[in-house]
Structure formats: C-alpha cells, structure tokens
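Report on the following structure.
The values are calculated or read from the model by the stated rules, or taken from the named source; none is laboratory data. On a predicted model such as this, the values are computed, not experimentally measured, just so you know. Methodologically, a virtual Cβ is constructed for each residue, glycine included, from the backbone with ideal geometry; neighbour enumeration extends over all protein chains shown.
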Amino acid sequence: MKTIRVLMTGDDLVDAASRILEPAGASLETMSGPIDEARMVRALSGGGFDALLVRANPPLSRAVLAVADGLAMISKMGAGVDSVDLAAATERGIPVMTAGDANADATAEMTIALIMALRRNIVRLDGRVKAGIWDRGAYLGTELRGQTLGIIGLGRIGRRVAAIAQALGLRVIASGRPDAAPKARPDVTIVSTERLLAEADIVSLHCLLNPATRGFINGAAIAMMKPGALLVNTARGALINEADVADALRSGRLGGAAFDTLSTEPPTEANPLLAAPNTIITPHIAAETAATLDRMAVLGAENIVSWFAQRSIVLDRLVNRDVLERLTDVNAVGAVSE
C-alpha cells in the first residue's frame, strides 16, 4: 500500500491513531488548537493529503472541500457528521465514515445518569443540603420503574439507552429511521414521533442533526408532550429551540431538562437555558471517557486503513453511501457488507 498522508485534527489522540496507521505505512500530521474554515482551507489548499481523521468537528464545508485536491476520504472519530457538507463530499466522490460505536456506551450511560438525576432531583437536593437545608420530610420522589421513556433516534446510542432503561423497569418506545425496528430490542415499540411525545414521561434525543431535525423540539412539540415530562439531550444542541424549552421550564410545562450539548458551545450569557429552572447542563462530556477516546481514534484510523487497503468496508460506518455510485471503480474500495 502506498504511503497515505493523513491530516488529523487535534493531537490528544495521536498515539492511539498512530498504533493503527504507522504499521500500515501512513504518515500522520496534526492540527491543534481552534480550527475555523479559513484555517482548514489553508491546510488543505493545493492537495497533499489523502485522508482526514477528524475530531472536535472542524468545519468541512463546500469551500474547504473545494480546495482539497486529492482528498480520498474523511474519517470521523465519532458519530456526528453535521460539520461535514455531505452533499459536497458526495459530489467530489469523497466517502465520509464514522466511528459511532466508539462512544455509544459512554453516551448511553451519561443519558441514564441524567435521567436519574432529574427524576430524583439530585442536583437541587445536593445544593439545598450544602446550603444548610435538611428537608427530608418535604421530599417525595418518583421511581423510574413503570414510566415510559421515549427515544427519538434508535441508532447505536439509542439502542443502548433502551437496554439499560428496560433493565431499570421502564417501558420504552422509540421513533427514528424506518430501518430502526429490526435492530431494536423485541420489546421496544416503534411509534411516530407525535405519539412518542404524547405518551413519554421522559423524552431522550439521539437523532442526527440535519435540516429536518434542527430546532424540532420547539413550542409545538412541547405542546404535544405530557405536562411535567422530562427532556434529555445528549445528541446535538441545535435539535432544540432553546428559547421555547426555557419558556416551558419556567412555566412548568416541562418538569425538567438535562443537556450535554448546546446550540453554541461554550454558551453565551444570553442562552436562556442557563437561567431556566430544573435543568442540568454538562459541558459536552458524555463521550469523554478514556476508553471511548481510545476507541474513537482506533476505529477512525481503522476506517482509513481499511479503505485504502481494499479490505471489507463496514457499510454502516459510511455516511454518504451514495458516494459509492460516484467512484470510478466501486470494487476498488473492497467488498461492501452490512
């Protein structure tokens, strides 16, 4: 296999990625610090890189891809692809692959942790005790067992959340891709999003961010939800209309909400969720475990090696599958299998 020049965004995972890339004869260069579109354009102008190994969502816009002569593939060290212009990548015959399995366990665990913390008021009670208020007699909690969890987006993470939730005694319903049902646990009922919002005591978001889902948890969606329902988002911050959610929290229409992601990170003081009651906000760390980060780098690097070595490609890691139709020789990328 020829030497592959790989540009990696971020250098904190370089050792793990190198374990896979160097034995395959790849040359790895890194970009550290904040990365904007102009910096990506400068880095890729004139070609020279065969592959991108991407973390932390640097903008891979149409303008960036237009100058990336010779770029053969993009490997994301995670599941999200909203930072990539998939239409532009597909037009240029650039496959985009993900390492979604890498962070699924950690993100599912964080989701369940946030649900438990909300349902049992852990953060608020902790603050009251530390403020000298011991009001045990005034507190009456709600158990998870017997409640309904609605999962929007039954992919890798959503399925893991469902499994844990069922072990805790929750009824699980889900909505998502039309092909989600065969991969679900047998006792997960697939329903429309409208029905899910109406029946769920807790709504958990695990869907991709795209034009159809951007801001779709808004005032109209909240009006369909049970009064006092909980909302948890460990997917993308822009899935929700933050002003509408904050209004619903202040009015009590939503009983509580937890967010690991926000529309703008870090948030500005103007973000209405920061002052909303009954909220938990964490700094986009659901997938930040040592094991997850290592798996992200390894899977991302393995995608690159597999692609160039013409080994079997795991199709569900290829996001823009129609790019295969644009490649000169589909066989050049190896056998494609589910």
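Descriptive notes on the structure:
- The range 237-271, residues that are within 21 Å of residue 152 (Cβ to Cβ) and part of a helix (DSSP H, G or I): 237, 238, 239, 242, 243, 244, 245, 246, 247, 248, 249
For every residue, the table says whether it meets (1) part of a loop (DSSP other than H, G, I, E, B); (2) modelled with pLDDT under 85; (3) outside the structural domain of residue 255 (by TED's automatic domain parsing); (4) small (Gly, Ala, Ser).
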{"position": "273", "(1), (2), (3), (4)": "no, no, no, no"}
{"position": "300", "(1), (2), (3), (4)": "no, no, yes, yes"}
{"position": "304", "(1), (2), (3), (4)": "no, no, yes, no"}
{"position": "316", "(1), (2), (3), (4)": "no, yes, yes, no"}
{"position": "324", "(1), (2), (3), (4)": "no, yes, yes, no"}
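- Test: residue in the range 55-70 that is among the basic types (Lys, Arg), in a strand (DSSP E or B) and at pLDDT 90 or above: no
- All conditions in (1) within 30 Å of residue 258 (Cβ to Cβ); (2) in a helix (DSSP H, G or I); (3) touching a residue at least 12 places away in the same chain (Cβ under 8 Å) hold for residue 80, with the sole exception of (2).
- Number of residues in the range 113-122 that are surrounded by fewer than 22 Cβ atoms within 10 Å (Cβ to Cβ) and either in contact with an Asp or Glu (Cβ under 6 Å, 6 or more places away or on another chain) or of a type in the set (A, V, I, L, M, F, W, C) (or both): the value is 4.
- Selection status of residue 85, in contact with a strand residue (DSSP E or B) (Cβ under 6 Å, 6 or more places away or on another chain) and either charged (D, E, K, R) or outside the structural domain of residue 297 (by TED's automatic domain parsing) (or both): no
- Number of residues in the range 18-43 that are in a helix (DSSP H, G or I), touching a strand residue (DSSP E or B) at 6+ places or on another chain (Cβ under 8 Å) and under 17 Å from residue 57 (Cα atoms) equals 3.
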